[in-house]
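Trainee: Take this structure first; my questions come after.
Each reported figure results from applying straightforward, stated rules to the coordinates on display, with no laboratory input. What you see is a predicted model; the values in this text were computed from it and never measured. FYI the Cβ positions are ideal-geometry reconstructions off the backbone, even for glycines, and counts take in every protein chain you see.
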């Protein structure tokens, strides 16, 4: 092997050193530091003036490892020599600088991956919070036509989570513990709102189950997977037993209630129609459209989406004269508003479901009687219908209640139109008797 020619490298010599065009590379070895040199390459398309870089070449176990220190435009000569001496020191210890460099690069790459993962996790925790999970669950309900449930969920979550516990709502959904869940539910119970606490627990549990099961349930939106929910922290919270209401209005209460309902106020018309149609659910009634009424048969079509139905059930009401007159008045009211809705204040949107309930509460306060709400009025209707001798099957069909069994779903195809019409005609007569004071006080008890 020819002996390498060495010269003392200086900035001037380096600046004038170049590689002949016919060679791929050439070296100018330093006489001060063994193995230290400048490598030059010829001019090319990307490097018109060629390149010059400091390199180091040593000896280890019969091999001649060569490493590039850096471009002469970036490194000054003294620093490059110090780097070369350091590489020689590694070789003297039996360490291959190339292996060390690879290890350093691997450590650096691993550190970069760890930093990126930490940043991603931080971003995910800031983005996929309990608030975001609950919002996503409400959107999921709406997308599945569970409009009433979505509305109720939004209301109770806003009141008892977002406003009452903003600190918990801001936590990552995956970090919510049973203690957090218990804190939120207990706070509602302590306000004496057991029913609201039970509903809140139910919606919280459903939202976490959606996040937990989304990875393996194709029917759930993939967006839930990002919340990384592994457990349902609400499962440990005991279900809240809520006493069933037993309030029914007596004859005097019902007479006063009917008298308080005007013929022109939209909320009052909704309350009156719900009552005269046998105690229909307000949410279903308010969704009715002008096109849902058949004037010839005086039949109103509602859609019952309550429960676990994938599609709402058609619920037909062959109305008696007074209820039919209310609907026809609503249709006339809708014409100048150019709205397809029976119940709309301004023609663009449906009357808010809670508005008639608030009106009923106001009437109750004015009556200065035992408190009642829309559920109590529905219960009163059912109680009186029972006392009138209306059969259980007809009551179920009339109120769209308890029709999810196998018998009703697959075998009983009778429409009950005649039975429902007869029941509603008799019902209107009973309400007329109550309103005029002809009904015994014991009818509602």
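Trainee: Among 108, 420, 272, which one shows the highest mean-square fluctuation when the chain is modelled as a Gaussian network with alpha-carbon springs under 10 Å?
Mentor: 108
Trainee: Given a Förster distance of 60 angstrom, what is the FRET efficiency for residue 415 paired with residue 117, based on the Cβ-Cβ distance and rounded to 0.05?
Mentor: Given R0 = 60 Å and the Cβ-Cβ separation, E is 0.45.
Trainee: Hey, fewest Cβ within 10 Å first, where do 75, 427, 303 land in order?
Mentor: If I rank by nearby Cβ atoms, fewest first, I get 75, 303, 427.
Trainee: Can you give the FRET efficiency for residue 435 and residue 366, using 1/(1 + (r/R0)^6), R0 = 22 Å, r = Cβ-Cβ distance, to the nearest 0.05?
Mentor: Given R0 = 22 Å and the Cβ-Cβ separation, E is 0.80.
Trainee: Now for a separate question. To check you understand DSSP bridge types, tell me what percent of the beta bridges within the chain (both residues inside) are antiparallel, rounded to 5. Numbers along the way, then the final one.
Mentor: Details: 26 of 28 bridges.
Percentage antiparallel, nearest 5: 95.
Trainee: Let me ask something else. Pulled fully out, how much extra length does the chain show between residue 147 and residue 331, if you take 0.36 nm times their separation in residues and subtract their Cα-Cα distance? Don't jump to the answer; show the numbers that get you there.
Mentor: On the way: separation 184, 0.36 × 184 = 66.24 nm, distance 2.37 nm.
Length gained, residue 147 through residue 331: 63.9 nm.
Trainee: How far, in degrees from 0 to 90, does helix 178-190 lean away from the longest principal axis of the Cα atoms of the chain, to the nearest 10?
Mentor: So the inclination is approximately 30 degrees.
Trainee: Sorted from fewest to most neighbouring beta carbons within 10 Å, what does the list 364, 159 look like?
Mentor: Placing the least packed residue first, the sequence is 159, 364.
Trainee: Pairs of Cα atoms under 8 Å, at least six residues apart: use those to get the relative contact order of the chain, whole percent.
Mentor: 10
Trainee: Please report Rg (one decimal) and Dmax (integer) in Å for the Cα set of region 130-227.
Mentor: 13.0, 39
Trainee: Order these by the 10 Å Cβ neighbour count, fewest first: 59, 257, 216, 187.
Mentor: Values: 59 12, 257 23, 216 8, 187 16.
Least to most surrounded, the residues fall as 216, 59, 187, 257.
Trainee: Also, I was wondering about something else. Would you mind calculating the relative contact order of region 257-320 from Cα pairs under 8 angstrom and at least 6 residues apart, reporting the percent as a whole number? Display every interim value, and only then the final one.
Mentor: On the way: 66 pairs, mean separation 13.8, N = 64.
Rounded, it is 22 percent for region 257-320.
Trainee: Something else now. Could you list log10 I(q)/I(0) for the chain at q = 0.07, 0.08, 0.10 Å⁻¹, which the Debye formula gives when each Cα is one point scatterer?
Mentor: So the normalised log intensities are -0.56, -0.64, -0.85.
Trainee: What whole-number distance in Å separates the alpha-carbon centres of region 176-254 and region 92-112?
Mentor: Between the Cα centres of region 176-254 and region 92-112 lies a distance of 54 Å.
Trainee: Let me ask you something else. Report the paramagnetic label zone for residue 126: residues of region 159-174 whose backbone N is under 19 Å from a point 7 Å from Cα along the Cα-to-Cβ axis.
Mentor: 167-174
Trainee: Relative to the longest principal axis of the chain, what angle (0 to 90°, nearest 10) does the C-alpha long axis of helix 77-92 take?
Mentor: 90
Trainee: Cut-off 15 Å, label point 7 angstrom out along Cα-to-Cβ of residue 98: give me the residues of region 47-70 whose amide nitrogen falls inside.
Mentor: Residues 56-69 qualify, since their backbone N sits under 15 Å from the label point.
Trainee: On to the next question. Please find, in a Gaussian network model of the chain (springs between Cα atoms separated by less than 10 Å), the residue of 367, 282, 184 whose mean-square fluctuation is greatest.
Mentor: Greatest mean-square fluctuation among the candidates belongs to 367.
Trainee: Could you give the alpha-carbon Rg of region 245-382 over 2.2 N^0.38 Å, rounded to two decimals?
Mentor: On the way: Rg = 14.9 Å, N = 138, 2.2 N^0.38 = 14.3 Å.
After normalising by residue count via 2.2 N^0.38 Å, the value is 1.04.
Trainee: Something else now. Working out 0.36 nm times the residue gap between residue 388 and residue 167, then minus their Cα-Cα distance, what length gain in nm do you get to one decimal? The partial results should precede the final answer.
Mentor: On the way: separation 221, 0.36 × 221 = 79.56 nm, distance 5.44 nm.
The residue 388-residue 167 span can extend by a further 74.1 nm.
Trainee: Expected output is a single nm value to one decimal: the length gained when fully extending between residue 223 and residue 25, i.e. 0.36 nm times separation in residues minus the C-alpha distance. What is it?
Mentor: 65.6 nm
Trainee: Compute the helix-to-body angle for 97-127: its Cα long axis versus the longest principal axis of the chain, expressed 0 to 90° and rounded to tens.
Mentor: Roughly 20 degrees between the two axes.
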